[in-house]
Amino acid sequence: MNKVILMGRLTKAPEIKYLQDDNKTAMARYTLAVDRRYGKDREREADFISCVTFGKNAVFAELYLKKGTKIVSSGRIRTGSYTDSEGVKRYSSNVVVEEHFFAESKKACILRNQCYRRGFGKRTL
């Protein structure tokens, strides 16, 4: 079974593209900063996980997800490889997000001054 569940904050606003297929499918890419567990004597550390989502989830990401938004994402790990312009084979992995949910209240978001009105990019208070 290939199933991943992550909770973290977006490192920046999602990058949105519309694919050149028949349906003009939306695609969103974002990176989640996910805290690692740590002991008393260790500093906090984070892993930065690349995520990609398609269709309605990508449109949702475009409208509502911003830098610093805390979300829970679930999906599957996808690995791949490609050859770069210098002929070197590169390997990549990311999470294909099937669902994502807000992981904090609107009030907490407002207190951090990270909330935005839909489509306007302005902060709400």
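The values are calculated or read from the model by the stated rules, or taken from the named source; none is laboratory data. Computed from a predicted model, the values in this text were never measured in an experiment. In case anyone asks, the SASA skips ligands and DNA or RNA and just uses the protein heavy atoms, side chains included. Shrake-Rupley method; radii C 1.70, N 1.55, O 1.52, S 1.80 Å.
Worth pointing out:
- Tally of Lys pairs whose C-alpha atoms are under 13 Å apart, taken over region 1-100, 8 or more apart or cross-chain: 5
- Rolling a 1.4 Å probe over the protein heavy atoms leaves ASP35 with an accessible area of roughly 90 Å².
- Accessible surface, 1.4 Å probe, highest first, among residues PHE101, PHE48: PHE48, PHE101
- Area accessible to solvent at THR83, 1.4 Å probe radius, in Å²: 90
- Per-residue HN-Hα couplings for region 82-91 [Karplus 6.51, -1.76, 1.60; θ = phi - 60°; Hz; x = Gly/Pro]: 8, 9, 6, 5, 9, x, 8, 7, 10, 10
- Taking all protein chains as they are arranged and a probe of 1.4 Å, the heavy atoms of ILE5 leave approximately 120 Å² accessible to solvent.
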